[in-house]
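Shown next, in structure tokens, is the structure this report addresses.
Quick note: the coordinates plus some simple rules give every number you see, no bench work behind them. Here the structure is a predicted model, which is why all the values come from computation and not from measurement. Note: ideal-geometry Cβ built from the backbone for every residue, glycine included; neighbour counts use all protein chains shown.
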Amino acid sequence: MRNLLRTYRKRTELLINDISYLLSMKDSSMLSRCERSWRKPSLEIIFTYNILFQVSIEKLFENEMKNTLRKIAENIDPLIEILTKQDLTKKVEARILFLQSLKALINTKI
């Protein structure tokens, strides 16, 4: 999971030790592994970087976001196809409409 945690921290004067202290971590080794994309960061770490550097989670994980969007985009049409072969109840129709609007939204972000 490539991320921009280190990039945003380096733009400030904060040291990795400062952040680990704020998070009550014994040392900064785990945080360092997260910054270097060797380990997936916890939600606590993600939210901390979001708060400290006032940057959206989408920006912090820009590459991962793009990969996730592509994966969803690849699978929307096959899922819609599966749903259209089912009995078209109101719930199924609502799911199809939701997926179609999601597809349109994702296409603007890719």
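Entry remark, segment 71-91: residues being within 15 Å of the chain's Cα centre (by Cα) and surrounded by fewer than 13 Cβ atoms within 10 Å (Cβ to Cβ) number 1 in total. Is it the case that some residue within segment 42-60 is more than 19 Å from ILE110 (Cβ to Cβ), assigned to a helix (DSSP H, G or I) and in contact with a Cys (Cβ under 7 Å, 6 or more places away or on another chain)? Yes, some residue in segment 42-60 is more than 19 Å from ILE110 (Cβ to Cβ), assigned to a helix (DSSP H, G or I) and in contact with a Cys (Cβ under 7 Å, 6 or more places away or on another chain). Residue count for segment 31-49 satisfying the condition of being surrounded by fewer than 17 Cβ atoms within 10 Å (Cβ to Cβ) and either touching a residue at least 60 places away in the same chain (Cβ under 8 Å) or over 13 Å from ARG6 (Cβ atoms) (or both): 5. The listed residues are LEU102, LEU4, and the only one of them that is among the hydrophobic types (A, V, I, L, M, F, W, C) and either in contact with a strand residue (DSSP E or B) (Cβ under 6 Å, 6 or more places away or on another chain) or surrounded by fewer than 16 Cβ atoms within 10 Å (Cβ to Cβ) (or both) turns out to be LEU102. Here segment 62-110 is the region considered, the condition is being out of contact with any helix residue (DSSP H, G or I) (no Cβ under 9 Å at 6 or more places or on another chain) and β-branched (Val, Ile, Thr), and the residue that is nearest to ILE46 (Cα to Cα) is THR68.
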